[in-house]
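Beneath this line is the structure, given in structure tokens, with notes to follow.
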Amino acid sequence: MSRPTSRPAIIRALLKKELTAYSRDLVFLGLTLVVLIAAPFLFHALPDSVDESITLGVYPAIPEMIGDAREALAEMGATEEQLAELDDIDLAAGEEGLALIEFESEERLRGVIEGSLELWRTESGEMVYRDKEAGDKKPEDAERVEPDIGVAFPSDFIAGVAAGKDDLTVTVYSQAGIGEEIQTAMKSFVREAAYQIAGRELPVGMPDEDTIVLGDDRMGDQVTMQERMRPLLLFMVLLMETFSMASLVSTEVLQRTVTAVLVTPAKVGDFLAAKTIFGTLMSLSQALIILVFIGGVTSANWSLILTVLVMGAIMFTGIALFVGAAGKDFMGQLFYAMLFTIPLLIPAISVMFPGSAAPWVKALPSYPIIKVLVDTTAYGGTWGDAWGSLAYAALWLVVLYFAGLFALKRKVETL
Amino acid sequence: MSLSRIWKVLRKDLALGPRSSIFLWAIVLPFALTLILQVAFGSLFDPKPRLGIVDDGDSSITAAISDMDGIELTLLDDAGEMKAQVEANDLDAGLILPQGFDEAVRNGDRPALQFFVGGESYASNRIILTVTAVDLIREIEGSEAPVTVDVVSFGEAGLPMSRRLIPVIVFYALVMAGLFVPGSNLVEEKEQGTLMSLLVTPVKASEVLIAKWLLGVVLSVVLASASLALNGAFGANWAQVLVVILVAGALSSVLGILAGVYAKDSSIMFAIVKGSGIFLFAPTLFYIFPEWPQWIAKIFPLYWIIEPIWQVSVMGEGLGAVWVELVVALGITAALGAAAWWLAKRMQAQMAGQ
């Protein structure tokens with residue numbers, strides 16, 4: 001008589017069988033490899049900074065405009081105090097979000113905005129114009145500068161406004177594709193500059209700088225597209241694994257190999273435990289591999305990230321068990337997998353958009369997982385911030401996992 | 001070759017098709033994609049500054065901003081709610097206009113401006129919303145601006161992202177209905193043995209393939225037309241649009257037949273579609289990013305059907321403007337048809353040997 005085999009030994013044997021079956025499923029193995037290679041490439045190809053400025057071309061240069069104004073106003077009899085006030089005039093002073101590029105002539109400003117001229121900035125900061133049609137070569141070690149919009153002031157703008165001249169015209173050059181809001185804002189900006197030079201104070205009391213900004217001021221420190229994509233990529237890996245795990249389960253159910261497994265000392269519980277462990281480990285290990293390549297783990301957040309990834313891996317394994325039990329053939333299983341995973345993808349996509357998610361999105365099972373990932377990797381969230389979401393995720397995890405377990409158990413028992 | 005037998009096979013596929021999950025996906029996908037891409041991604045790619053206003057006194061500022069195309073206005077009743085939305089980055093900025101605000105400005109009372117910006121709002125959006133609001137307040141004051149500002153625009157306004165996404169939606173209608181449905185249908189028939197049963201009847205392999213191809217053509221024409229109609233691109237030149245869609249359906253369906261004949265089972269069919277997905281999808285990216293060198297798109301086979309659809313349906317051109325593309329597309333269709341025919345003969349020989 002042979003000794004009874006222990007449960008861990010049976011589960012180990014089943015896990016080995018799962019690994020063999022997975023390695024033979026060339027479609028999903030290939031897709032897994034593609035995801036593991038493509039995800040880090042995609043991540044590193046995304047912009048790692050946010051350009052939140054409007055690049056404004058101006059003619060003439062501001063110091064030149066102020067210098068001209070100083071002479072003209074002095075001739076008009078302005079006092080030293082009035083002339084000293086000119087030093088405070090800077091059209092873009094205090095205007096974070098406006099990047100000024102000063103042009104040597106109105107023709108060049110017009111040419112660059114129109115597209116007939118190119119403007120390049122060399123490493124030493126020198127501005128080089130390139131006329132492609134004239135055969136000019138691209139300057140070496142230089143980056144292209146493309147102003148969104150350009151403003152050409154008359155040479156006597158400051159002095160003229162101060163003197164109350166009534167025929168002053170400022171020209172705003174713009175490409176037709178530039179948003180209407182930017183064109184309108186630049187018109188308003190020029191008019192407001194003129195009002196201020198003319199000494200006409202605002203007809204309203206402006207609020208205190210500190211009270212204007214609500215929430216953490218992230219100007220200059222915005223969340224980049226890379227940082228937004230990091231949790232999304234991790235989430236996609238967990239989700240992709242649902243397809244391959246569901247495929248493994250449905251193949252076993254359809255080909256009834258599970259009945260062969262159950263005539264061995266293995267019980268249904270061992271079969272389900274092996275599926276759960278294998279699915280969880282597969283998706284978790286892939287997520288961790290991706291995490292190594294895309295970064296985002298710190299000594300402060302690693303335990304939280306690991307916890308939420310484990311929860312996500314178990315949740316998606318539960319869904320895979322459910323889908324695998326329900327699919328009647330490959331295409332049917334694919335259909336069910338998409339039916340379940342597309343709604344779960346919605347919270348991940350909502351990360352791409354500014355603002356908070358709609359209430360119905362927050363109710364989806366994947367929302368707390370993606371929220372913790374986003375908060376932790378992009379906003380420095382801690383355990384204290386995450387416990388509510390984790391509790392909600394745990395609730396969904398229990399529901400989905402046991403639904404999957406129950407569906408597969410019933411399916412196996414009826415074979 | 002018997003037209004009657006082709007029709008019978010096609011009729012069977014049309015009748016049984018709705019039972020297939022792929023068939024259902026093909027029908028649902030263009031509608032779902034229109035919703036997702038136009039509603040969600042349209043605003044992701046074309047973000048506008050978002051301003052919330054609590055207007056207790058019918059201010060002219062609210063009316064002026066609601067008339068502006070470039071600013072997304074949200075009217076709110078409660079200042080607390082507005083501040084919460086600004087803080088949560090649901091709005092870039094918020095403005096509270098109490099009752100009598102306009103009169104107070106006109107009277108020179110200098111009322112306090114209650115203007116808030118979100119910490120996560122971009123600096124550019126803060127400038128746009130602030131200077132626009134301030135300029136509108138100056139207008140209420142009634143004083144004449146010290147300068148005249150002329151705007152000189154160059155070139156043509158670019159197409160909005162909602163229009164540039166149309167090739168993506170039409171692409172999925174063509175690929176799902178034209179490629180995936182007939183391809184997977186053929187593979188399922190192979191897997192279930194019904195193809196072999198069919199071929200022992202008087203029906204010839206060529207007739208089966210033509211019937212499956214026609215299934216793809218019919219479905220893809222219907223769904224591509226529906227996609228264009230949903231996106232407001234099925235214009236006055238509908239007859240010409242139908243011609244280009246018909247050519248597109250013919251090419252995408254012959255691709256499906258080729259994949260279906262080649263694939264031994266559903267998983268290989270799925271791998272073919274997944275593996276070739278980016279190669280097929282690539283030309284649509286050039287409509288989203290018009291600044292890319294456009295000649296690269298011509299390397300990809302589906303360019304020759306997407307471009308005529310784009311030119312005729314979205315840009316309103318006639319068939320004369322796309323005849324070269326249509327001829328190339330028909331040439332590709334004929335070449336792929338010949339390849340499918342050769343593979344089908346091999347498949348038939350293999351099945352006969354089983």
Scan the stretch B:10-42 residue by residue and report those that are under 18 Å from B:I257 (Cβ atoms) and either modelled with pLDDT under 80 or not in a helix (DSSP H, G or I) (or both). B:G17, B:S20, B:I22
By residue number, the members of the stretch A:127-148 that are assigned to a loop (DSSP other than H, G, I, E, B) and either of a type in the set (V, I, T) or closer than 17 Å to A:L56 by Cα (or both) are A:V145, A:E146, A:P147, A:D148
Looking at the stretch B:273-296, which of its residues are at pLDDT 85 or above, more than 15 Å from B:I166 (Cβ to Cβ) and open to solvent by less than 40 Å² (accessible area, probe 1.4 Å)? B:L280, B:A282
For the stretch A:218-336, please list each of the helices (runs of 4 or more DSSP H) lying entirely inside it that holds at least 2 residues being within 22 Å of the chain's Cα centre (by Cα) and closer than 23 Å to A:W396 by Cβ. A:225-254, A:268-294, A:302-326
What's the number of the condition B:G232 fails, among (1) at pLDDT 85 or above; (2) under 18 Å from the mean Cα position of the chain (by Cα); (3) open to solvent by 10 Å² or more (accessible area, probe 1.4 Å)? (1)
Filtering the stretch A:359-406 down to residues that are open to solvent by less than 40 Å² (accessible area, probe 1.4 Å), small (G, A, S) and not in a helix (DSSP H, G or I) yields A:S366, A:G381
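How about the stretch A:36-77: which of its residues are more than 22 Å from A:T224 (Cβ to Cβ), open to solvent by less than 50 Å² (accessible area, probe 1.4 Å) and touching a residue at least 12 places away in the same chain (Cβ under 8 Å)?
Filtering the stretch A:36-77 for residues more than 22 Å from A:T224 (Cβ to Cβ) gives A:36-37, A:56-77.
Checking which are open to solvent by less than 50 Å² (accessible area, probe 1.4 Å) leaves us with A:36, A:56-58, A:60-62, A:65-67, A:69, A:72-73.
Residues satisfying the conditions are A:L36, A:L56, A:G57, A:V58, A:P60, A:A61, A:I62, A:M65, A:I66, A:A69, A:A72, A:L73.
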All positions within the stretch B:145-166 that are closer than 23 Å to B:K48 by Cα and open to solvent by less than 20 Å² (accessible area, probe 1.4 Å): B:M161, B:L165, B:I166
Among (1) surrounded by fewer than 23 Cβ atoms within 10 Å (Cβ to Cβ); (2) more than 18 Å from B:I306 (Cα to Cα); (3) away from chain A (no Cβ under 14 Å) - the single one B:L246 does not satisfy: (2)
Selected residue [buried (at least 22 other Cβ atoms within 10 Å of the Cβ), out of contact with any Asp or Glu (no Cβ under 9 Å at 6 or more places or on another chain) and facing another protein chain (nearest Cβ under 7 Å)] from A:A194, A:A162: A:A194
The stretch A:165-182, residues that are modelled with pLDDT under 90, open to solvent by less than 60 Å² (accessible area, probe 1.4 Å) and not hydrophobic (A, V, I, L, M, F, W, C): A:G177, A:G179, A:E181
Scan of the stretch B:79-109 for residues that are at the interface with chain A (Cβ under 8 Å from one of its Cβ atoms), part of a loop (DSSP other than H, G, I, E, B) and either over 22 Å from A:G97 (Cα atoms) or of a type in the set (F, W, Y) (or both), ordered by number: B:G108
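Those residues that are small (G, A, S) and surrounded by fewer than 18 Cβ atoms within 10 Å (Cβ to Cβ), I need them from the stretch B:167-204; list them, please.
Those that are small (G, A, S) and surrounded by fewer than 18 Cβ atoms within 10 Å (Cβ to Cβ): B:G193, B:S197.
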For the stretch B:315-342, the count of residues that are in a helix (DSSP H, G or I), within 21 Å of B:R163 (Cβ to Cβ) and open to solvent by 20 Å² or more (accessible area, probe 1.4 Å) equals 3
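Is the stretch B:60-73 home to any residue that is more than 8 Å from every other protein chain (Cβ to nearest Cβ), under 20 Å from A:A358 (Cα atoms) and open to solvent by 30 Å² or more (accessible area, probe 1.4 Å)? Spell out the reasoning first.
Taking the stretch B:60-73 and keeping what is more than 8 Å from every other protein chain (Cβ to nearest Cβ), we get B:60-67, B:72-73.
If we keep only those that are under 20 Å from A:A358 (Cα atoms) as well, we get B:72-73.
With open to solvent by 30 Å² or more (accessible area, probe 1.4 Å) added as a condition, the list becomes B:72-73.
So far as the stretch B:60-73 goes, yes, one or more of its residues are more than 8 Å from every other protein chain (Cβ to nearest Cβ), under 20 Å from A:A358 (Cα atoms) and open to solvent by 30 Å² or more (accessible area, probe 1.4 Å).
Out of the residues in the stretch A:199-209 that are aliphatic (A, V, I, L, M) and surrounded by 16 or more Cβ atoms within 10 Å (Cβ to Cβ), state the one that is farthest from the other protein chains (Cβ to nearest Cβ).
Residues of the stretch A:199-209 that are aliphatic (A, V, I, L, M), as a first pass: A:202, A:204, A:206.
So of that shortlist, the ones also surrounded by 16 or more Cβ atoms within 10 Å (Cβ to Cβ) come out as A:202, A:204.
Numbers: A:L202: 7, A:V204: 4 Å.
So the residue we want is A:L202.
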So B:A112 fits all but one of (1) at the interface with chain A (Cβ under 7 Å from one of its Cβ atoms); (2) open to solvent by 10 Å² or more (accessible area, probe 1.4 Å); (3) touching a helix residue (DSSP H, G or I) at 6+ places or on another chain (Cβ under 7 Å); what number is the exception? (3)
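The values are calculated or read from the model by the stated rules, or taken from the named source; none is laboratory data. These numbers come from a predicted model, not from an experiment. Cβ sites come from the backbone with ideal geometry, for glycine too, and all protein chains shown count toward neighbours. These area figures cover heavy atoms from the full protein model, side chains too; ligands, DNA and RNA do not enter into them. Shrake-Rupley method; radii C 1.70, N 1.55, O 1.52, S 1.80 Å.
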